[in-house]
Structure formats: structure tokens, C-alpha cells
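The values are calculated or read from the model by the stated rules, or taken from the named source; none is laboratory data. These numbers were taken from a predicted model, which means no experiment stands behind them. Cβ placement follows ideal geometry from the backbone for every residue including glycine, while neighbour counts extend to all protein chains displayed. SASA here: full protein model, heavy atoms, side chains in, ligands and nucleic acids out. Shrake-Rupley method; radii C 1.70, N 1.55, O 1.52, S 1.80 Å.
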Amino acid sequence: MDHFIYRDGILHAEDVPLADIASQVGTPFYCYSTATLTRHYQLFEAALDGLDHLICFAMKANSNLAVLRTLAQLGAGMDVVSGGEYRRARAAGVPGERIVFAGVGKTRAEMQLALEGGIRQFNVESEPELAALSEVATALGAEAPVAIRVNPDIDAGTHDKIATGRKEDKFGIPIARARHVYAAAARLPGIRVCGIDVHIGSQLTELAPFEAAYSRIADLTRELRADGHMIERLDLGGGLGIPYTASNEVPPLPAEYGALIKRTVGDLGCTVEIEPGRLIAGNAGLLVSSVIYRKIGAGRDFLILDSAMNDLGRPALYGAWHDIIPLTEPAPGADMEPVDVVGPVCESGDTFARQRPLPPLDAGDMVAFRSAGAYGAVMASEYNSRPLVPEVMVRGDQFAVIRPRPTFDEMLGRDTLPPWL
Ligand SMILES: *Cc1c(COP(=O)(O)O)cnc(C)c1O
């Protein structure tokens, strides 16, 4: 459920007509709903009620400071994957003890940043990383809290590019090597083992892969405890999928996911951490765009928008589907005609949808891409020298620009000429 609905035929974000935002900000722009972000966060809180837990928002899904602060004020922690994300989390007001640091390629500078600024735990993904972290922590006279990310060799059944828990994926330590690596970690100075971490992929639409992974983690917890390790925390990752279209199979609800967590690891006495990104932010955001032209092609019409693959990359990257709805509700029984929805970028890959049935739309009409709040703005670029798409946040009847569209002077000002030109 989200808070983007038609009222009297006009698409609103909460109590704000999106056309009002468009007239002030211009298109394209991303729009996020505070009520939807809050609701999704609270669904996870309710799902884990009764367990000692922390919900760490996977901020690679959406790292705007306003989004982070909205969630931080609800009590969320953050899952960061770079020094840049760590700095953003801190700037949004998230204390270090609520930040977990993931990623296969943490640099020593990033480790130092987090150790000096405060960190809940490093989710370590390899033995060389463990050795580097030990050196950095020892040099600082610090102790790094560590969970080791294990790769349980489970196929999450999702898109190949976002499956992370198979043995051929680059993530984590093979579960068969886990006892060996924990033993090595226990001998290293500056390292304090505190838990186990697992994340098997994104946009999962079934519970079975989670169930298989978490059962293996429960077994591993018992084995590692028998070996003498302190396993106080289980970081179970993110990945619960969202409905991108009403006709899709409906992914499991956070409540069912929470029940599964309680069933598989609930009796171990561990603090449970989860790292949802997409489910919190995805359906809390729209990308609003205008039609520039309707072009009649050979056997098909093209709807050419003012947004493109540089603004919303998921269709070009993953062949992803986003529902596209007009800002003015079509009359009941309006003729739906298939059109190709494309952007202005000079690549055929800049296609949002092929032969998508849409009501009659023409130049100047506005549309919204649904489910664009996660992996949308964060992946945007200035390809084709198109200004970075701005972001807007709504709360009730208020809205605010939370990242303005850059001016062309700002864009050009970032380049510098070498002395010989
Ligand atoms: C991407 C990622 C997540 C979030 O995945 P979602 O599908 O957005 O919930 C969580 N943890 C890690 C380690 C990730 O890389």
C-alpha cells in the first residue's frame, strides 16, 4: 500500500497534487511520500516485535538525506556499503552504533573512517579484508566488531544481476569455510567477533530461499558457539521483494517474513538485524515525467518522455517493469493503445516499455513511473549532459525539494581545463 492515489481524477502524493509540484519544480522529478516510508518501516518493526532487533535501512536503495533522516527519526539503523554512505548516514543523524558496514571491497581508509566515527559492526566478506581490518584497528588502538558474511550457496530465484548468495557470486565466505575463518578471526588482534551476516539477493518473491538460508545460519550459530565463539547477533540481510505491477505474483508480506525469522532463528537468543532497502523505499517513490512528443512510427507509436535511462536506469539495466500512470486519471473505459515509452537519450536501450497499453497521451501530458523510490535516483547520472533529476519529499499537504536540479553553470563548473588548452 502507498499514498499515491487519484482524488477527483488527479494523482496526489498524500495531500499534494503532483501537477502542483510539477508546475513549481518542472519535470522530470522524483517524489517520495513520508507516510509510505513510515508505514513500510513500521511493518518491519511490527513483524519483528518480541525479538531483540534493529532494522538497518539498506541506503544504497535511496540515500537522500531527507529519506535517511525520516527513517532515522523512527529508530532505523543503516546498512552502508561505502565511506560515502557512512558519511551520509552520520550527516542524517544516525549514530555509529546503529550503522553496519557491508561490501566486498572496503578500503583501509573506509575502515578507519568508520572505526574513528563509531560503528556497530563490519560485515566482513573475505580473509584478506579481515587481515586488513585487524591491522587498521590495531594501529588505531581500536577493536573492530565483526560479523562474517557467509555465502550459503542458495539461489534466491531472482534476477541474475541481483542474486548474491550462490557460490559463483562474489559475496561472502563459502559456508563450508566459515568455521576455519571464524577460528582465524578469533586469533587476530583488533577483531572482536560478534555475529554472522548473510544476504542472498534482492527482489525475492518467495520465502523458501530465506528459510533455507536462515536455517543454515541457525545451524552455523550452534556450531560456532560449540567452537567457543560469541555469536550475539545475526544480520539476516535484506531482499524482500515488492510488487512492481498488480498482475505480478504478490511477494510475501513483512509479517510472514518476520514469522519465518522467529521460526528459524528466534530461539537462539541473538539480536536480529535486517537490512531491507527496496521494500521500504521502492513503492514510496514516483518518477514524474512529461511527454515531449508522440511520434508515429512504422507500425507503432512512440511516447517520447523528458525522463530517460540516466534518470531511471532499472528498465535498461534489468529489463525491469515499472507501472506508468497518467497524472490525470483516464476516463472509465478509455481506449488503451499500446505504445513504446522511450526517453531522449541516444541509445535504443533508452526504452522504458514496449507496446505498453496506455490511454491516449500527447505532448504536454504528464505520467508517473510507480515503484521508483528504490534504486532510482541513486543510480541517476548526467549521461547526455542531462541535469541530475531532482527529488521532492511530501508530508501531508506539504512538499519540499530535497535535492534541486543542478544548473547548467554548476554542471559545467565541475569540469576544469588543463593548462595547455
Ligand atoms: C542491496 C543490499 C541490501 C538491500 O536489498 P533490498 O533488496 O533493497 O532489500 C541489503 N543488504 C546488503 C548487503 C545489500 O547489498
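Residue-by-condition table, conditions (1) open to solvent by less than 10 Å² (accessible area, probe 1.4 Å); (2) of a type outside the set (Phe, Trp, Tyr); (3) outside any strand (DSSP E or B):
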residue	(1), (2), (3)
44	yes, no, yes
50	no, yes, yes
61	yes, yes, yes
68	yes, yes, yes
75	no, yes, yes
79	no, yes, no
84	no, yes, yes
88	no, yes, yes
94	yes, yes, yes
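Filtering the stretch 13-33 to residues that are open to solvent by less than 20 Å² (accessible area, probe 1.4 Å) and more than 24 Å from the chain's Cα centre (by Cα) leaves 16, 21, 22. Return yes or no: is residue 140 touching a Gly at 6+ places or on another chain (Cβ under 9 Å) and either in the same structural domain as residue 221 (by TED's automatic domain parsing) or within 18 Å of residue 204 (Cα to Cα) (or both)? The answer is yes for residue 140. Scanning the stretch 242-284 for residues that are more than 29 Å from residue 4 (Cα to Cα), of a type in the set (Asp, Glu) and within 16 Å of the ligand (Cβ to nearest atom) yields a single hit, 273. Any chance the stretch 138-157 includes a residue that's within 16 Å of the ligand (Cβ to nearest atom), within 18 Å of residue 238 (Cα to Cα) and of a type in the set (S, T, N, Q)? So far as the stretch 138-157 goes, yes, one or more of its residues are within 16 Å of the ligand (Cβ to nearest atom), within 18 Å of residue 238 (Cα to Cα) and of a type in the set (S, T, N, Q).
For the stretch 321-352, the set of residues classified as in a strand (DSSP E or B), open to solvent by 10 Å² or more (accessible area, probe 1.4 Å) and more than 24 Å from residue 9 (Cα to Cα) consists of 342, 351, 352, listed by residue number. A count restricted to the stretch 229-265 and to residues that are surrounded by fewer than 22 Cβ atoms within 10 Å (Cβ to Cβ), at pLDDT 95 or above and of a type in the set (Asp, Glu) stands at 2. Filtering the stretch 151-182 to residues that are farther than 22 Å from residue 241 by Cβ and touching a Pro at 6+ places or on another chain (Cβ under 8 Å) leaves 167, 175. Does residue 413 meet the test of being modelled with pLDDT of 95 or more and either open to solvent by less than 50 Å² (accessible area, probe 1.4 Å) or among the β-branched types (Val, Ile, Thr) (or both)? No: the conditions fail for residue 413. Taking the conditions (1) under 17 Å from residue 279 (Cα atoms); (2) within 16 Å of the ligand (Cβ to nearest atom); (3) out of contact with any Phe, Trp or Tyr (no Cβ under 7 Å at 6 or more places or on another chain) in turn, residue 121 satisfies each one other than (1).
Of the numbered criteria (1) assigned to a helix (DSSP H, G or I); (2) more than 16 Å from the ligand (Cβ to nearest atom), the one residue 12 fails is (1). Against the definition (free of Cβ contacts under 8 Å to residues at least 60 places away in the same chain, hydrophobic (A, V, I, L, M, F, W, C) and within 15 Å of the ligand (Cβ to nearest atom)), how does residue 61 come out, yes or no? No; evaluated as a whole, the condition is false for this residue. Of the residues making up the stretch 160-183, those that are away from the ligand (no atom under 13 Å from the Cβ), open to solvent by 30 Å² or more (accessible area, probe 1.4 Å) and in contact (Cβ under 8 Å) with a residue 12 or more places away in the chain are 166, 167, 174, 175, 179, 183.
Right, residue 387: over 18 Å from the mean Cα position of the chain (by Cα) and over 30 Å from residue 277 (Cα atoms) or not? The answer is no for residue 387.
Residue by residue, here is whether (1) out of contact with any helix residue (DSSP H, G or I) (no Cβ under 8 Å at 6 or more places or on another chain); (2) open to solvent by less than 50 Å² (accessible area, probe 1.4 Å); (3) away from the ligand (no atom under 14 Å from the Cβ) holds:
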site	(1), (2), (3)
190	no, yes, yes
199	yes, yes, no
216	no, no, yes
221	no, yes, yes
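The single condition from (1) within 13 Å of the ligand (Cβ to nearest atom); (2) of a type outside the set (S, T, N, Q); (3) surrounded by fewer than 24 Cβ atoms within 10 Å (Cβ to Cβ) that residue 298 fails is (1).
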